[in-house]
Amino acid sequence: MKVESATFVKSVMRTEECPRDGRPEIAFVGRSNVGKSSLLNALLNRKGLAKTSRTPGKTQTINFFDVNGRLYFVDLPGYGYAKVPKGVKEQWSRVMAAYLRGRDPLRLVVQLLDARHTPSEGDHEMLELLRRARVPVLLVATKIDKLNRNERVRNLKAIRTELNLADDALVVPFSAATGEGVKPLWDIIVPHLDPGR
């Protein structure tokens, strides 16, 4: 898909504040500092649209981005080691669970995993939540450019084994630095935009 326009729309902390126009939504989840904002910026071909930070927990709300006036990209708060109070983390968890379980326009959730590490407990918990919510999920292994060829093969295999994925389950290697994975991601996202699927 050619991105002709991409703009930040709003941040919400309650699902009732989400847009109500029924446009399809593609949501992005992952542990803190996995590279969600960098991936969004790469997909949208916009530098700095989604705010990046070296500090874990930068995204603290559900952020909606309008893409071509046709769909929304939804950036969800990172889970894991964000340095925020426990009460805030619990609030994030409740809001994310409510969004993921009850959002009709949600067409696909892209779960980001750091290719350099085996999946965390939070990664497992999120994948289980998504399975229970019966939402289509696409797994993306980020920061793939940080690995040499042997590490890449070994780590992608380890992700599959650790998450007990089916042989045909797709894990898309991605690098915001090199652009690897941008086209394959769009090729998967676009068919999910058709509500007749």
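The values are calculated or read from the model by the stated rules, or taken from the named source; none is laboratory data. Just so we're clear, the structure is a prediction, and the values are computed from it rather than from any experiment. Please note: Cβ atoms are built from the backbone with ideal geometry, for glycine as well, and neighbour counts cover all protein chains shown.
Return only the number of the condition from (1) farther than 14 Å from Gly30 by Cβ; (2) buried (at least 18 other Cβ atoms within 10 Å of the Cβ) that Ala141 does not satisfy.
Going through (1) farther than 14 Å from Gly30 by Cβ; (2) buried (at least 18 other Cβ atoms within 10 Å of the Cβ) one by one, Ala141 breaks only (1).
Filter the range 145-182 down to residues that are under 12 Å from Leu39 (Cα atoms) and in a helix (DSSP H, G or I), then give me how many there are.
1
So is Asp123 of a type in the set (D, E, K, R) and under 14 Å from Ile26 (Cα atoms) or not?
no
Just the residues that are charged (D, E, K, R) and over 20 Å from Phe28 (Cβ atoms), please, taken from the range 148-193.
Hits for the range 148-193 are Arg149, Glu151, Arg152, Arg154, Lys157, Arg160, Glu162, Asp167, Asp168.
Can you pull out every residue in the range 1-49 that is in contact with a Gly (Cβ under 8 Å, 6 or more places away or on another chain), under 25 Å from Pro191 (Cβ atoms) and in a helix (DSSP H, G or I)?
Lys36, Asn41, Ala42
Identify all residues within the range 163-179 that are surrounded by 16 or more Cβ atoms within 10 Å (Cβ to Cβ) and either closer than 17 Å to Leu127 by Cα or among the charged types (D, E, K, R) (or both); write none if there are none.
Passing the criteria: Leu163, Val171, Val172.
Considering only residues that are in contact with a Lys or Arg (Cβ under 9 Å, 6 or more places away or on another chain), of a type outside the set (A, V, I, L, M) and in a loop (DSSP other than H, G, I, E, B), which ones fall in the range 104-118?
The answer is Pro105, Arg116.
Suppose we filter Arg107, Arg134 for residues that are within 27 Å of Pro19 (Cα to Cα) and either aromatic (Phe, Trp, Tyr) or out of contact with any His (no Cβ under 6 Å at 6 or more places or on another chain) (or both); which single one remains?
Going through Arg107, Arg134 in turn, the sole match is Arg134.
Kindly provide the set of residues from the range 148-183 that are touching a residue at least 60 places away in the same chain (Cβ under 8 Å) and aliphatic (A, V, I, L, M), ordered by number.
Hits for the range 148-183 are Ala176, Val182.
What's the number of the only condition in (1) closer than 25 Å to Leu43 by Cα; (2) part of a helix (DSSP H, G or I) that Glu125 fails to meet?
Tallying (1) closer than 25 Å to Leu43 by Cα; (2) part of a helix (DSSP H, G or I), Glu125 fails exactly one: (1).
Any residue in the range 67-78 that's closer than 15 Å to Val12 by Cα: show its pairings with residues that are assigned to a loop (DSSP other than H, G, I, E, B) and small (Gly, Ala, Ser) at Cβ separation under 7 Å, as long as the two are six or more apart or on different chains.
Asp75/Ala50; Gly78/Ser32; Gly78/Gly57
Which condition from (1) at pLDDT below 95; (2) more than 16 Å from the chain's Cα centre (by Cα) is the one that Ser120 breaks?
(2)
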